[in-house]
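To keep things clear, I will list the structure first and then write my remarks on it.
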Amino acid sequence: MSDRKTFSVSQEQIDKLINEAETQEAIFWDKELVISFKLHNGFTVLGRAACVDPANFDLVIGRKIAKDNAKEQLWQLEGYLLQTKLHYQKSAPSFPTATPEHLRTTSITGLE
């Protein structure tokens, strides 16, 4: 067994983010559901569910599918965030997380 500490994103983290999010939903063309999940930090993720025939549209099923769709996006985003934190811990141990100072020194193309 390795002494190396493992880092990961957990299902509990993803569930907590989604379950504590504010939501707004819209139905389009009687067959498509879009839910916007506003996370605690203000970032939003969209979940989507749709069917071919409006007669098959079921709001309860659509909400579950849209929620699962948003969770899939969060897995990627949270994985990226964790990887970034680990990178900065390794390269600058006194700088464990993205702080406002770090964000001010980051150049984003088109925002200069």
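Taken over the range 80-94, residues that are of a type outside the set (G, A, S) and at pLDDT below 80 amount to 1. Please verify whether Q76 is surrounded by fewer than 14 Cβ atoms within 10 Å (Cβ to Cβ), part of a strand (DSSP E or B) and at pLDDT 95 or above, treating the condition exactly as stated. Here the answer is no, as Q76 does not meet what is asked.
Can you name every residue in the range 22-49 that is among the acidic types (D, E) and outside any loop (DSSP other than H, G, I, E, B)? It would help to see each step written out before you state the result.
The initial filter retains those residues of the range 22-49 that are among the acidic types (D, E), namely 22, 25, 30, 32.
Selection gives E22, E25, E32.
Can you tell me which of (1) touching a residue at least 40 places away in the same chain (Cβ under 8 Å); (2) in a loop (DSSP other than H, G, I, E, B); (3) among the hydrophobic types (A, V, I, L, M, F, W, C) is the one V52 doesn't meet? So V52 meets the others, but not (1). Just checking, does the range 14-21 include any residue being assigned to a loop (DSSP other than H, G, I, E, B) and either surrounded by 10 or more Cβ atoms within 10 Å (Cβ to Cβ) or in contact with a helix residue (DSSP H, G or I) (Cβ under 8 Å, 6 or more places away or on another chain) (or both)? Looking for residues that are assigned to a loop (DSSP other than H, G, I, E, B) and either surrounded by 10 or more Cβ atoms within 10 Å (Cβ to Cβ) or in contact with a helix residue (DSSP H, G or I) (Cβ under 8 Å, 6 or more places away or on another chain) (or both), one finds at least one in the range 14-21, hence yes. Just give me the residues in the range 35-58 being within 15 Å of I18 (Cα to Cα) and out of contact with any Phe, Trp or Tyr (no Cβ under 7 Å at 6 or more places or on another chain), in sequence order. Hits for the range 35-58 are I35, S36, F37, K38, L39, H40, N41, G42, F43, L46, R48. If the condition is being more than 22 Å from the chain's Cα centre (by Cα), modelled with pLDDT under 95 and of a type outside the set (S, T, N, Q), then the range 1-29 contributes M1, D3, R4, K5. Residue under question is A55, and the condition is that it be exposed (fewer than 13 other Cβ atoms within 10 Å of the Cβ) and either among the hydrophobic types (A, V, I, L, M, F, W, C) or modelled with pLDDT under 95 (or both); does it hold? Yes; evaluated as a whole, the condition is true for this residue. Looking across the range 22-38, the residues that are in contact (Cβ under 8 Å) with a residue 24 or more places away in the chain and either surrounded by fewer than 16 Cβ atoms within 10 Å (Cβ to Cβ) or hydrophobic (A, V, I, L, M, F, W, C) (or both) come down to E25, I27, W29, D30, L33, V34, I35, F37.
The values are calculated or read from the model by the stated rules, or taken from the named source; none is laboratory data. Because the structure is a prediction, the values reported are computed rather than measured. Heads up, the Cβs are rebuilt from the backbone with ideal geometry, glycines too, and the neighbour counts pull from every protein chain shown.
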